[in-house]
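The values are calculated or read from the model by the stated rules, or taken from the named source; none is laboratory data. This structure is a prediction, so every number in the text was calculated from the model and none was measured. In this analysis, Cβ positions are derived from the backbone assuming ideal geometry, glycine residues included, and neighbour counts consider all displayed protein chains. Note: areas computed on protein heavy atoms with side chains; ligands, DNA, RNA excluded. Shrake-Rupley method; radii C 1.70, N 1.55, O 1.52, S 1.80 Å.
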Amino acid sequence: MNTWMRRVARRAVARVRVHGDAGMTTSEYAVGTIAACGFAAVLYKVVTSGAVSSALQSVVERALDAQF
């Protein structure tokens, strides 16, 4: 290895030591994506349930019928 490559490698190692591992790996992205999709599915089921749907509809109707 020439001296330039050694300097670059030393800087990279020093940067990791100072800043730590700041990024996610591909497997972490996959797990995060699956968790986000699961949370979105649960949230969709809750929002589209009968009780929540009727409550949201009544809130919107009251807002549209408000007197200014």
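Summary of values
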item: Tabulated pairs, the stretch 24-51, first in contact (Cβ under 8 Å) with a residue 12 or more places away in the chain, second small (G, A, S), C-beta under 6 angstrom, 6+ apart or interchain; result: none
item: Tally of residues being modelled with pLDDT under 90, open to solvent by less than 80 Å² (accessible area, probe 1.4 Å) and among the aliphatic types (A, V, I, L, M) across the stretch 6-45; result: 5
item: Residues that are open to solvent by less than 70 Å² (accessible area, probe 1.4 Å) and assigned to a loop (DSSP other than H, G, I, E, B), drawn from the stretch 46-68; result: S49, A66
